[in-house]
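Computed from the coordinates by the stated procedures, all read-outs in this text should not be read as laboratory data. For clarity, every value in this text was computed on a predicted model and none was experimentally measured. Cβ placement follows ideal geometry from the backbone for every residue including glycine, while neighbour counts extend to all protein chains displayed.
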There are 2 protein chains.
Amino acid sequence: MKLQNDTFIRALLREPTEYTPVWLMRQAGRYLPEYKRTRAKAGSFIALCKDADLAAEVALQPLVRFQLDAAIVFSDILTVPDAMGLGLYFAEGEGPKFERPLRDEAAIRRLAVPDPDSDLRYVLDAVSRTRSALANSIPLIGFSGSPYTLACYMIEGEGRTDFASVKKMLYQRPDLLHRILQVNASAVTAYLNAQVEAGAQALMIFDTWGGMLSDRAFATFSLAYTQQVIEGLKRHHAGARIPSIVFTKGGGGWLDKIAAIGSDAVGLDWTVDLRAARQRVGDRVCLQGNLDPAVLLTDTEAVISEVSAVLAAYGTGAGHVFNLGHGISQHTPPENVAALVAAVRDRSRSYHKEALG
Amino acid sequence: MKLQNDTFIRALLREPTEYTPVWLMRQAGRYLPEYKRTRAKAGSFIALCKDADLAAEVALQPLVRFQLDAAIVFSDILTVPDAMGLGLYFAEGEGPKFERPLRDEAAIRRLAVPDPDSDLRYVLDAVSRTRSALANSIPLIGFSGSPYTLACYMIEGEGRTDFASVKKMLYQRPDLLHRILQVNASAVTAYLNAQVEAGAQALMIFDTWGGMLSDRAFATFSLAYTQQVIEGLKRHHAGARIPSIVFTKGGGGWLDKIAAIGSDAVGLDWTVDLRAARQRVGDRVCLQGNLDPAVLLTDTEAVISEVSAVLAAYGTGAGHVFNLGHGISQHTPPENVAALVAAVRDRSRSYHKEALG
């Protein structure tokens with residue numbers, strides 16, 4: 001039952017490691033030809049998510065090519081509102097959408113917390129199938145969108161540049177937005193805990209749109225509900241500590257606040273200076289990030305140089321998980337990912353020598 | 001020659017005022033029916049910019065409705081690359097585009113600094129016509145995009161969500177990007193100084209896309225060239241001090257660095273806590289901002305409440321110019337703008353009592 005490689009888990013808990021662990025947001029995805037083949041076999045992204053065997057297959061694909069320190073369940077951040085009956089779908093070449101967004105107060109009043117064991121069974125099956133396929137080689141990450149990010153899509157029906165309907169509700173009917181967020185927080189908590197029961201060994205909350213809020217609104221409508229989720233998560237399961245990561249894209253300005261809600265790690269996008277961020281949070285949390293994903297569109301020389309800069313910015317000692325500052329682009333050449341992963345493993349060792357004596 | 005209302009200029013210089021001055025980014029624009037009529041008369045946005053009489057007409061339209069403390073020249077942030085021969089155009093319902101973006105090294109080597117007096121005459125005509133129409137009632141702001149923001153459009157040919165081509169050049173051929181930025185910095189400096197000669201009484205640099213850069217890249221490729229512009233600007237003209245404002249959308253995390261490049265004021269988007277920002281910059285610069293423009297989509301009650309929160313966040317004393325954190329939405333009801341402007345004028349007085357003794 002013991003993990004062969006628990007470097008990722010130890011780094012999240014700020015324990016000493018031999019090197020800086022690395023995984024990449026969206027590491028199982030369209031930049032890999034083998035992913036495209038499996039997705040074609042499944043028929044659609046959603047069908048792929050709902051077939052536990054195929055979901056496990058794509059989650060493991062990047063591990064064949066690259067020496068990664070964590071796998072992540074192949075799923076979507078919006079499964080919870082789908083389970084609430086909103087009807088998640090993906091139009092070809094577009095982002096996620098809902099067939100039945102929340103258009104009136106009655107729909108908001110009707111919202112109920114889904115039962116993960118029945119309504120999100122397919123995700124739990126994907127978790128346990130992937131966990132079992134990993135055979136305790138590296139840990140498996142379970143995840144969800146944050147309560148606020150779910151609400152954005154539930155209200156607008158799709159991604160927006162301004163989220164005007166969400167903002168209108170926030171400023172004019174905050175009571176309705178709080179009602180949605182309360183249901184979402186309970187639902188996300190139950191869902192993440194169910195993923196732990198099914199085999200997830202770490203948890204991540206993606207707050208993709210919290211960064212579009214004003215400072216005050218972020219604290220009230222995004223962070224408070226993410227905190228509620230964090231406080232409700234199982235911290236131990238089957239004798240193991242289950243660490244949590246919170247990632248707010250565009251949230252660098254609120255790092256101190258985010259670091260104070262009780263998660264073990266905070267994800268950082270590429271606009272943040274990792275050196276300054278570490279000084280700000282001190283020993284409170286692990287930091288995950290933060291290479292500009294556009295670097296992966298260049299060449300191996302540039303990739304290695306920028307990887308080195310990120311490692312140097314964090315500096316010596318424990319508490320850093322290497323990642324991108326956002327999901328990997330579908331236009332990324334896989335050889336650049338290989339160069340990144342090898343460079344992290346190789347070049348990070350010198351930053352950990354002292355820690356291990 | 002003396003301004004009847006120089007509250008805006010004094011606030012930018014951190015001198016005492018009786019109330020907090022207010023203007024709004026894109027205050028002359030599509031949310032006003034009279035603007036739409038004038039634009040229809042002109043035929044297109046560009047034709048409107050190029051007709052000095054009509055440009056002055058639309059710049060003055062919001063002043064009839066609202067008690068604003070500054071006017072801004074009606075123009076575009078991308079006039080400089082257009083004058084370099086790249087061919088600015090606007091497809092209906094889309095953002096700005098260039099007919100001839102920089103596609104190869106030869107095109108980059110050929111780039112030359114345009115002569116504002118000949119190549120951008122139409123903007124200078126709009127400046128002097130608008131200044132004269134204002135009849136020294138309130139000051140007139142001249143502006144340009146930042147060297148980096150111009151480069152983004154010059155390389156991509158249009159706005160993007162990821163600016164992959166710009167990023168590729170930045171990481172693989174930084175020499176080429178530096179060449180473009182050097183030409184842009186010289187061109188923007190000459191252009192802004194020409195606007196001062198033509199009658200502009202304050203200057204603003206819009207760094208719309210600098211916020212998409214990594215921390216290190218922002219300092220090197222955006223801020224360094226904005227600083228070069230600031231250092232080359234005339235600080236006095238015709239006996240008057242010409243203050244400057246720098247606004248980097250998404251740049252809140254770099255406030256200390258931006259406040260150190262020599263501009264009189266720094267614009268802030270709505271994600272920034274104005275109270276914390278003021279503590280960070282101390283007495284070094286004036287702060288301009290930072291209401292969430294989405295607030296204007298709601299109702300007068302919410303507008304007044306959020307205006308009050310922004311005023312309270314800045315607190316007592318000099319050095320605040322009220323504005324939105326981004327341009328006004330075309331879907332804004334004009335009555336909400338009226339409520340905003342009246343609320344700022346009315347409710348800010350108590351924050352300035354002490355300063356005036």
> Rg and Dmax of region A:117-179 over Cα atoms: what are they, in angstrom?
Replying inline: 17.3, 51
> So what is Rg over Rh here for the protein assembly as shown, counting just Cα atoms and using Kirkwood for Rh?
Replying inline: 0.98
> Expressed as cubic angstrom per residue, what is the convex hull volume of the alpha carbon set of region B:1-71?
Replying inline: 112 Å³
> So what are the ³J(HN,Hα) numbers for region B:97-108, from phi and the Karplus equation (6.51, -1.76, 1.60; θ = phi - 60°), rounded to whole Hz, Gly and Pro as x?
Replying inline: 9, 10, 5, 10, x, 6, 9, 8, 4, 4, 5, 5
>> Using DSSP to call loops (not H, G, I, E or B), can you name the trypsin sites (Lys or Arg not before Pro) in region A:317-357 whose Cβ has at most 14 other Cβ atoms within 10 angstrom?
In response: A:Lys353
> Of all the Cα-Cα pairs you can form in region B:134-265, what percent are over 22 Å apart?
Replying inline: 36 percent
>> Under the rule of at least 5 residues apart or a separate chain, name every residue whose amide H is placed under 5 Å from the amide H of A:Asn323.
In response: A:Gly289, A:Asn290, A:Leu291
> Taking amide hydrogens as modeled 1.01 Å from N in the peptide plane, which residues meet the under 5 Å criterion relative to A:Ile242, leaving out close sequence neighbours?
Replying inline: A:His236, A:His237
>> Using the Karplus curve 6.51 cos²θ - 1.76 cosθ + 1.60 with θ = phi - 60°, what ³J(HN,Hα) values do you get for each residue of region A:148-164, in whole Hz, with x for Gly and Pro?
In response: 5, 5, 4, 4, 4, 6, 5, 7, 7, x, 6, x, 9, 7, 10, 6, 4
>> Along its three principal axes, how long is region A:7-351 when you only count alpha carbons? Whole Å, largest extent first please.
In response: 58, 46, 42
>> Viscosity 1.567 mPa s, temperature 4 °C: what is the translational diffusion coefficient of region A:73-180 from Stokes-Einstein with a Kirkwood Rh over Cα pairs, rounded to a whole number of µm²/s?
In response: 85 µm²/s
>> Around A:Ile304, under 10 Å between beta carbons, what's the net of Lys plus Arg minus Asp minus Glu among the other residues?
In response: -3
> Cross-link partners among lysines for A:Lys249, C-alpha distance below 30 Å, same-chain residues fewer than 8 apart left out?
Replying inline: A:Lys36, A:Lys50, A:Lys97, A:Lys167, A:Lys168, A:Lys234, A:Lys257, B:Lys97, B:Lys167, B:Lys168, B:Lys249, B:Lys257
>> In whole Hz and in residue order, list the ³J(HN,Hα) couplings for region B:118-123 that follow from phi through the Karplus curve 6.51 cos²θ - 1.76 cosθ + 1.60, θ = phi - 60°; x for Gly and Pro.
In response: 9, 6, 10, 3, 4, 6
>> Using DSSP to call loops (not H, G, I, E or B), can you name the GluC sites (Glu not before Pro) in region B:74-179 whose Cβ has at most 11 other Cβ atoms within 10 angstrom?
In response: B:Glu92, B:Glu94, B:Glu99
> GNM on chain A, C-alpha springs below 10 Å: top fluctuator among A:Gln182, A:Gln279, A:Gln201?
Replying inline: A:Gln279
> Once the Cα gyration tensor of region A:189-277 is found, what semi-axes does its equivalent ellipsoid get, as square roots of 5 times the eigenvalues, in whole Å, sorted largest first?
Replying inline: 24, 14, 10
>> Skipping prolines and chain starts, which residues have an amide H placed within reach, meaning under 5 Å, of the one on B:Cys286, given they are 5 or more residues away or on another chain?
In response: B:Ala265, B:Val266
> Roughly speaking, what is the centre-to-centre gap between region B:15-62 and region A:209-233 when only Cα atoms are used, to the nearest Å?
Replying inline: 37 Å
> Using Cα pairs under 8 angstrom and six or more residues apart, how large is the relative contact order of region B:268-357, in percent?
Replying inline: 36 percent
> B:Lys257 to A:Asp283: FRET efficiency via 1/(1 + (r/R0)^6), r the Cβ-Cβ distance, R0 22 Å, to the nearest 0.05?
Replying inline: 0.25
> If you keep only loop residues by DSSP, which GluC sites (Glu not before Pro) in region B:267-354 have at most 14 other Cβ atoms within 10 Å of their Cβ?
Replying inline: B:Glu354
> Can you give the percent of C-alpha pairs in region B:268-357 whose distance is more than 21 Å?
Replying inline: 28 percent
> In degrees between 0 and 90, to the nearest 10, how far off the longest principal axis of chain A does helix A:174-198 point, with axes built from Cα atoms?
Replying inline: 50 degrees
